[in-house]
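Data block below; observations after.
The values are calculated or read from the model by the stated rules, or taken from the named source; none is laboratory data. Just so you know, these numbers come straight off a predicted model, no measurement behind them. Every residue, glycine as well, gets a Cβ built from its backbone with ideal geometry; the counts of neighbours run over all protein chains shown.
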Amino acid sequence: MASTLNYLPPTRLVTMLSILTLGLLSQLSHADQWQQTLDQAAGDTVYWHAWGGDTRTNDFITWAGVQTAALYDVKVKQVKLSSTSEAVTQVLAEKAAGQNTQGAVDMIWINGANFLAMKQQQLLHGPFVAQLPNAKYLDLSPTSSATVDFTEAVDGLEVPWRLARFVFIVDSDRVKNPPLSMAHMLTWAKQNPGRLTHPVVSNFMGTTFLKQALIELTPDPNVLQQPATQESFASASAPLWQWYDAIKPYLWRQGQSFPENETIQQQMLSDGAIDIAMAFDPAAAAAGIASGLLPPSARVFVPSQGSLGNVSFVAIPYNASHIAAAKVVANFLLQPETQAHMQNIDVLGSFSVLDTSKISHQHTMAFSALPTSEALPTLAELGPTLLEPHASWTTQLKQEWSKRYSQ
Amino acid sequence: MRFSKSWPKWVMLAILVIGILLPVLAGLGETTWAAFGILPALGKYSFSLTAWQHLFQLPGLTTSLRLTLVSGFLSTAVALILALFGCAWLHGRSTKHSVLSKLKPFTAPFLVPILAAPHAAVAIGLAFLLAPSGWLARLFSPWLTAWQLPPDWATVQDLWGLSLALGLIIKELPFLWLISLVALKQINVSRQLSLSQSMGYSYASSWYKIIFPQLYPLIRLPVLVVLVYSLSTVDMAQILGPNNPPTLALATMRWFNDANVAMLLPASAAALSLGMLMVVSVFLWEMSIKLIMVITKALTRSGSRGRPWKLATKVLSTALSACLILGLLSLAVLAIWSLTWRWSFPDALPASWSYAYWQNLVTNWPLALLHSITLALGSSALAVVLSVAWLEVQDRYGGHLYRLTFWFIYLPLLVPQIAFLYGLKIGFLRIGLNGGMGAVMWAHLLFVLPYVMLSLVDSWRALDKRYVQVAESLGTSSWGCFWRIKLSLLLQPLLLAWAIGMAVSISQYLPTLMIGAGKIESLTTEAISLASGADRRLVGVYGLLQALVPMLAYGLALLLPRLITLKMRDNHMRELS
């Protein structure tokens with residue numbers, strides 16, 4: 001080492017050294033910080049509050065916990081919820097009681113309206129996304145799907161972990177030509193009365209169906225990216241109601257009763273009571289077949305214009321007990337190997353949230369080597385992703401629908 | 001001087017105030033404030049009535065009210081009539097040797113599974129039985145019906161809530177029946193019946209005019225529990241009720257679960273409205289019963305001996321057996337589902353079987369089961385001890401203050417749990433109780449105590465005071481009377497109340513989740529979050545497992561007194577010989 005230095009001219013030596021130290025310093029400080037997080041996290045258990053209705057997701061969370069325990073000495077305990085709002089209420093109650101540290105919730109599987117609520121009420125820790133080493137695999141440009149959640153800016157308060165896409169599920173033995181647009185769906189319903197329904201509109205999947213129809217039927221979908229006003233809502237939603245009035249008599253039970261949620265709707269498909277179900281997961285059909293919940297002939301289809309898509313995030317409450325450990329788990333979820341494991345149809349079949357241009361060749365190969373399934377569409381088959389409208393549209397859609405069709 | 005003498009009264013009062021009253025007030029307080037616009041966690045500090053305006057403008061509110069009232073009153077009335085008829089049927093000696101009459105001694109074992117199974121499990125089983133795509137349709141398709149696909153019929157989730165009422169009847173009938181059977185032991189039925197029949201009254205009239213008027217006061221409070229439960233059920237309404245709009249309880253639950261936290265305000269107003277609706281309903285029910293009693297009395301005074309009521313007997317016995325069979329079939333079909341892999345329409349039985357879910361469970365459930373049993377044993381034992389202490393102290397010292405606490409004990413039943421628990425959680429956090437088994441057990445106690453107290457209080461008060469007087473006159477101390485007279489005579493109702501407490505505790509979802517901060521997993525938290533009402537195989541596995549613990553408790557409650565009586569008779573005989 002010393003001998004090499006002797007041969008270099010002094011000025012170059014100084015420049016090189018300073019570049020080296022500066023680079024090392026900044027890198028070290030980043031790595032140091034992360035090392036600090038890892039040190040703090042070691043030995044902790046993260047209480048991850050996550051909707052528990054999907055066995056495959058639960059199994060994936062268990063798997064992730066085993067990995068983080070081996071790699072970082074961080075355990076994961078899933079608190080299985082029947083509704084994400086239960087975790088929000090939990091944090092809200094803690095805030096009301098003045099418990100601003102040592103909260104019970106370390107991490108929440110969240111997005112959309114629940115995120116908006118927690119962000120507005122300042123119940124979230126962060127911004128912290130940039131601190132995660134694996135954030136480098138994400139497209140963090142301001143309009144990317146990793147930085148905007150239902151038109152609300154993420155502001156580094158939550159980390160994406162899986163992609164969700166709205167899809168329809170059919171039994172391909174019964175439905176040979178599924179309706180690929182909302183206009184076509186009306187004709188289809190008229191030909192097959194009583195074989196189509198959607199989850200109740202108070203349910204997330206019920207509103208998603210209405211939003212999908214709204215985007216397809218409204219003259220200018222760009223309006224939906226702005227907050228809804230009384231005028232814009234009335235004019236943009238008029239074609240939707242016209243369409244719904246026409247289709248309602250041909251729905252299951254003439255549109256007087258609806259399945260409570262999408263899992264019950266899928267059960268109805270499996271029972272043969274209806275022909276079309278809905279899911280927010282392109283792997284829903286493949287997963288349903290794998291677990292015996294859907295017939296082997298179940299397939300997904302996507303409207304030809306594309307379908308609504310959004311991202312599932314994890315967020316850390318402001319008063320979480322194990323903030324460092326939660327960050328370690330969130331970072332682990334972004335590991336390309338984790339994302340590839342998750343995309344495996346035998347595991348979850350959820351598409352990766354990583355920016356394909358940012359991961360190494362080796363990792364790309366890992367993704368393309370994944371097993372395929374007839375019931376699992378490729379990304380290309382899924383077509384374009386439609387943007388979620390501003391949250392105000394959801395509220396107004398729910399209200400207007402109830403006013404019109406709930407007596 | 002007076003104080004020092006009646007100190008147990010004050011100690012008991014203190015325990016009730018701190019253990020029950022304060023948490024109940026904490027729970028209700030937050031909801032009441034929120035209903036009037038005050039929710040500091042959301043930055044809302046000023047009084048307003050907007051939540052109520054919002055509530056009353058919600059579309060479909062009147063339909064929700066109608067549904068709630070129809071299913072609540074209908075199910076309670078029918079379940080009560082069938083339970084009373086069931087008592088008379090069990091007691092009667094049939095001349096015909098039908099299969100049904102041979103089954104009489106085994107009635108209680110038939111009731112116990114339905115009684116012990118969680119409401120949601122019964123509802124899911126029943127829905128699968130009755131749906132156009134369900135088991136009954138599958139048994140007859142396609143060979144009889146020619147259905148390759150199920151028809152679009154409203155056999156469940158009908159717009160009038162009748163299938164919901166049916167589900168409630170099936171589930172509540174065994175409860176009322178068993179409570180009535182236990183209560184009947186305090187009335188000398190056989191003697192009164194033979195007397196009235198010797199005076200020319202028909203068997204049916206004797207029950208109607210002589211036994212029922214004595215029985216009803218003994219089961220009045222349990223009947224009110226059934227009414228209140230039926231008006232407020234979410235589990236069953238979610239599966240069997242219509243949902244556009246749903247019952248008021250389900251609608252309230254939906255608003256509380258809305259992602260938009262601002263909905264907490266109208267949801268709180270709805271929760272209070274539901275509570276008021278229940279109070280009004282209880283009042284209406286009591287008035288109707290009073291009216292029926294007046295009419296009965298008038299009929300009795302008229303001296304008419306009554307006809308044998310052949311048609312009514314036929315209708316009621318058909319309805320009674322139909323309800324029992326449907327209930328047992330609902331559970332049987334869930335047991336089949338728990339071993340199913342795929343079962344498509346119109347197959348009469350699953351096409352492929354699997355024990356994967358049971359196997360899966362073995363790795364997961366031991367801790368959940370342990371938590372469930374610990375919580376159930378602890379909270380039900382505490383509830384029984386508190387109830388007995390409360391009743392005994394009142395027997396000895398009397399007191400008006402107690403009437404007041406009596407009503408507070410029932411408040412947790414009158415408000416939707418979700419509304420109540422938010423405030424309770426805040427209260428617990430403020431005194432430093434963050435999760436933990438103790439806190440969860442305390443929360444369970446708040447919901448278990450009213451059920452235990454309600455099942456016990458009528459029987460306790462109906463105990464013939466002369467037993468105690470005789471014992472006292474023979475020099476038995478008041479503790480001796482308590483142990484050797486009251487507790488041993490009331491052993492059966494005590495054990496039944498305890499078993500009911502076990503069942504109530506096992507079924508608690510939200511209190512376990514919220515107060516335990518998600519750190520205490522129980523059979524029910526696992527079952528509810530996993531199933532979301534959809535995977536019948538999981539519901540089958542967890543439903544059966546959830547039923548297991550209460551089933552053992554009920555079995556014990558029914559068998560133990562019999563064994564003890566036999567043993568005592570044995571000893572007595574030995575002493576005599």
Please name all residue pairs, on different chains or six or more residues apart, with Cβ atoms under 6 Å, provided the first residue is in segment A:123-146 and is at positive phi and the second residue is crowded, with 19+ Cβ neighbours inside 10 Å. A:G126/A:L157
If the requirement is being aromatic (F, W, Y), surrounded by fewer than 19 Cβ atoms within 10 Å (Cβ to Cβ) and in the same structural domain as B:A269 (by TED's automatic domain parsing), which of these qualifies: B:Y203, B:Y216? B:Y203
Filtering segment B:512-524 down to residues that are more than 7 Å from chain A (Cβ to nearest Cβ) and either under 24 Å from B:G27 (Cα atoms) or in contact with an Asp or Glu (Cβ under 6 Å, 6 or more places away or on another chain) (or both) yields B:T512, B:I515, B:G516, B:I520, B:E521, B:S522, B:T524
Condition (residue is of a type in the set (D, E, K, R) and either more than 14 Å from chain A (Cβ to nearest Cβ) or surrounded by 24 or more Cβ atoms within 10 Å (Cβ to Cβ) (or both)) applied to segment B:483-503: is it met by at least one residue? yes
If you scan segment A:117-126, which residues turn out to be closer than 22 Å to A:L308 by Cβ and within 8 Å of another protein chain (Cβ to nearest Cβ)? A:A117
Of A:V79, A:V129, A:V88, the only residue that is within 7 Å of another protein chain (Cβ to nearest Cβ) and touching a strand residue (DSSP E or B) at 6+ places or on another chain (Cβ under 6 Å) is A:V79
Single unsatisfied condition, A:T55 versus (1) surrounded by 13 or more Cβ atoms within 10 Å (Cβ to Cβ); (2) within 18 Å of A:I323 (Cα to Cα); (3) touching a residue at least 12 places away in the same chain (Cβ under 8 Å): (2)
Which one of the conditions (1) in contact with a Lys or Arg (Cβ under 9 Å, 6 or more places away or on another chain); (2) over 25 Å from A:E152 (Cα atoms); (3) outside any helix (DSSP H, G or I); (4) at pLDDT 85 or above does A:L370 fail to meet, given that it meets all the rest? (1)
As an exercise: evaluate B:W160 against (1) closer than 21 Å to A:S257 by Cα; (2) more than 8 Å from every other protein chain (Cβ to nearest Cβ); (3) surrounded by 16 or more Cβ atoms within 10 Å (Cβ to Cβ) and give the number of the one condition it does not meet. (3)
Restricting attention to segment A:55-65, does a residue exist that is outside any loop (DSSP other than H, G, I, E, B), over 26 Å from B:A534 (Cα atoms) and in contact with a Pro (Cβ under 8 Å, 6 or more places away or on another chain)? no
Of the conditions (1) buried (at least 19 other Cβ atoms within 10 Å of the Cβ); (2) within 11 Å of chain A (Cβ to nearest Cβ), the single one that B:L334 does not satisfy is (2)
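Scan segment A:235-249 and give yes if some residue there is within 13 Å of chain B (Cβ to nearest Cβ), part of a helix (DSSP H, G or I) and over 28 Å from the mean Cα position of the chain (by Cα), otherwise no.
Yes, some residue in segment A:235-249 is within 13 Å of chain B (Cβ to nearest Cβ), part of a helix (DSSP H, G or I) and over 28 Å from the mean Cα position of the chain (by Cα).
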Could you tell me whether any residue of segment B:400-417 is within 18 Å of B:P23 (Cα to Cα) and within 14 Å of chain A (Cβ to nearest Cβ)? yes
Please go through segment A:298-344 and give me each residue that is out of contact with any Phe, Trp or Tyr (no Cβ under 8 Å at 6 or more places or on another chain), of a type in the set (G, A, S) and part of a strand (DSSP E or B), ordered by number. A:A298, A:A320
Of B:R466, B:R574, B:R537, B:R484, which residue is in the same structural domain as B:F447 (by TED's automatic domain parsing) and in contact with a strand residue (DSSP E or B) (Cβ under 7 Å, 6 or more places away or on another chain)? B:R537
Does A:L224 satisfy the condition of being buried (at least 18 other Cβ atoms within 10 Å of the Cβ) and within 14 Å of chain B (Cβ to nearest Cβ)? no
Test result for A:T151, of a type in the set (S, T, N, Q) and either touching a Pro at 6+ places or on another chain (Cβ under 7 Å) or within 27 Å of A:L123 (Cα to Cα) (or both): yes
Within segment B:247-259, restricting attention to residues that are within 9 Å of chain A (Cβ to nearest Cβ), in contact with a helix residue (DSSP H, G or I) (Cβ under 6 Å, 6 or more places away or on another chain) and assigned to a loop (DSSP other than H, G, I, E, B), which residue is surrounded by the fewest Cβ atoms within 10 Å (Cβ to Cβ)? B:N257
Looking across segment A:183-197 at residues that are more than 14 Å from chain B (Cβ to nearest Cβ) and among the polar types (S, T, N, Q), the single one that is nearest to B:P151 (Cα to Cα) is A:Q191
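Listed here are the residues, each with its yes/no results for (1) modelled with pLDDT under 80; (2) more than 30 Å from A:G292 (Cα to Cα).
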position	(1), (2)
B:L474	no, yes
B:W483	no, yes
B:I515	no, yes
B:E521	no, no
B:L552	no, yes
B:L556	no, yes
B:R569	yes, yes
B:H572	yes, yes
hydroxyl-bearing (S, T, Y) and surrounded by fewer than 24 Cβ atoms within 10 Å (Cβ to Cβ), is that true of B:Y542? no
Give segment B:440-496 a look and list any residue that's over 23 Å from B:L184 (Cβ atoms), among the β-branched types (V, I, T) and within 20 Å of the chain's Cα centre (by Cα), or say none. B:V448
Residue check, A:T395 against (1) within 19 Å of the chain's Cα centre (by Cα); (2) within 14 Å of chain B (Cβ to nearest Cβ), all met but one. Which one? (1)
Just one of (1) in contact with a helix residue (DSSP H, G or I) (Cβ under 9 Å, 6 or more places away or on another chain); (2) more than 11 Å from chain A (Cβ to nearest Cβ) trips up B:G303, so point out which. (1)
Give me the pairs: first residue in segment B:533-545 and free of Cβ contacts under 8 Å to residues at least 12 places away in the same chain, second residue assigned to a helix (DSSP H, G or I) and of a type in the set (S, T, N, Q), beta-carbon distance under 7 Å, and six or more apart or on different chains, which are they? B:A534/A:T263; B:A534/A:Q267
Restricting attention to segment A:91-116, which residues are more than 7 Å from chain B (Cβ to nearest Cβ) and over 23 Å from the mean Cα position of the chain (by Cα)? A:G98, A:N100, A:T101, A:Q102, A:G103
Of the conditions (1) surrounded by 12 or more Cβ atoms within 10 Å (Cβ to Cβ); (2) among the basic types (K, R); (3) at pLDDT below 85, A:R12 clears all except one; give me its number. (1)
Flagged in segment A:189-221 as assigned to a helix (DSSP H, G or I), polar (S, T, N, Q) and over 22 Å from the mean Cα position of the chain (by Cα), in numbering order, are A:Q191
